[in-house]
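Novice: Here it is, the structure in full.
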Amino acid sequence: MCQALPGPRCFNDSSKKLTKQNAKLNKAESELSGAQNKLAAAARKSDFNGYAKLRKEVSVKESRVNELRTHCRHTQRDVDSTLTGRKEIEQAMNTATTKREIKELDIRRRTAEALRFNREHALALKERGYVPAIRFAI
């Protein structure tokens, strides 16, 4: 269950939000790929005006994809910081086969624990009337 901001988020809401953001990211990545293909075609045809317009479009789409990736990473951290998310990470660590996988999952686990602690602490400070040191913009 989500707690009041800046408190911890719940698994249900965070996972739904992550699913929506991943869908947006996939759509934006496919649009970017199409724009990059058009850009390459314009370069092969030596269409300088078309190339200049498409370069601007590709630049805008790249920044949008980077923004969506950042949002997905942050939401994934919220999912990981829930009890269910931490259990899923532990199960994945138990079934991991390579050291790299284990290391990446351990980083995710530690990050999730730190985020959970920070959000709980910020909520406690807010409830006591203090201004939290970390301000979450969600």
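Novice: Evaluate region 83-138: find the radius of gyration of its Cα atoms, find its Kirkwood radius, and give the ratio Rg to Rh.
Specialist: Values: Rg = 15.0 Å, Rh = 12.9 Å.
Rg/Rh for region 83-138 comes to 1.16.
Novice: For labels at Glu101 and Glu31 in the simple 7 Å Cα→Cβ model, what's the distance in nm?
Specialist: Using points 7 Å along Cα→Cβ, the separation is 3.5 nm.
Novice: OK, next. Using the Cα centre of the chain as the reference point, and only Cβ charges (+1 on K/R, -1 on D/E), how large is the resulting charge dipole? Debye, rounded to the nearest 20.
Specialist: About 340 debye.
Novice: So how many Å³ per residue does the convex hull of the Cα atoms of the chain work out to?
Specialist: 138
Novice: In what sequence do Thr70, Thr75 fall when counting other Cβ within 10 Å, fewest first?
Specialist: Thr70, Thr75
Novice: Putting +1 on Lys and Arg Cβ atoms and -1 on Asp and Glu Cβ atoms, find which of Ala42, Thr19, His71 reaches farthest to the positive end of the dipole of region 9-80.
Specialist: The residue sitting most towards the positive pole is Ala42.
Novice: Run the reach check for Lys103 against lysines, Cα to Cα strictly under 28 Å, same-chain hits fewer than 8 apart removed. What comes back?
Specialist: Lys16, Lys17, Lys20, Lys87
Novice: Further, regarding this structure: Let me know the longest stretch in the chain that avoids all trypsin sites (Lys or Arg not before Pro) found in a DSSP loop with at most 13 other C-beta atoms within 10 Å.
Specialist: Longest gap between qualifying sites, sites excluded: 46-127.
Novice: Residue separation times 0.36 nm, minus the C-alpha to C-alpha distance between Arg73 and Lys53: what's the value?
Specialist: Length gained, Arg73 through Lys53: 4.1 nm.
Novice: For Phe48, Phe11, what ranking results if the residue with the fewest other Cβ atoms within 10 Å of its Cβ goes first?
Specialist: Exposure proxy ranking, most exposed first: Phe48, Phe11.
Novice: A further question on this structure: What FRET efficiency would be calculated for the residue pair Arg110, Thr84, taking the C-beta separation as r and a Förster radius of 25 Å, to the nearest 0.05?
Specialist: Details: r = 17 Å, r/R0 = 0.70.
That gives a FRET efficiency of 0.90.
Novice: Further question on the same structure: Where the only charges are on Cβ atoms (+1 Lys, Arg; -1 Asp, Glu), what is the dipole of region 83-138 about its Cα centre, to the nearest 20 debye?
Specialist: 140
Novice: Per residue, how much space in cubic angstrom lies within the convex hull of the C-alpha atoms of region 9-80?
Specialist: 58
Novice: Follow-up. With a Cα-only, solvent-free Debye model of region 56-113, what are the log10 I(q)/I(0) values at q = 0.15 Å⁻¹?
Specialist: -0.54
Novice: What number, in percent, do you get for the relative contact order of region 9-80 if the mean sequence gap of Cα pairs under 8 Å and at least 6 apart is divided by its residue count?
Specialist: About 56 percent, as a whole number.
Novice: With axes computed from alpha carbons, what is the tilt in degrees of helix 11-44 against the longest principal axis of the chain, rounded to the nearest 10 within 0 to 90?
Specialist: 20
Bear in mind that the values in this text are calculations on the coordinates, not laboratory data. These numbers come from a predicted model, not from an experiment. Counting neighbours? That spans all protein chains shown, and the Cβs are built from the backbone with ideal geometry, glycine included.
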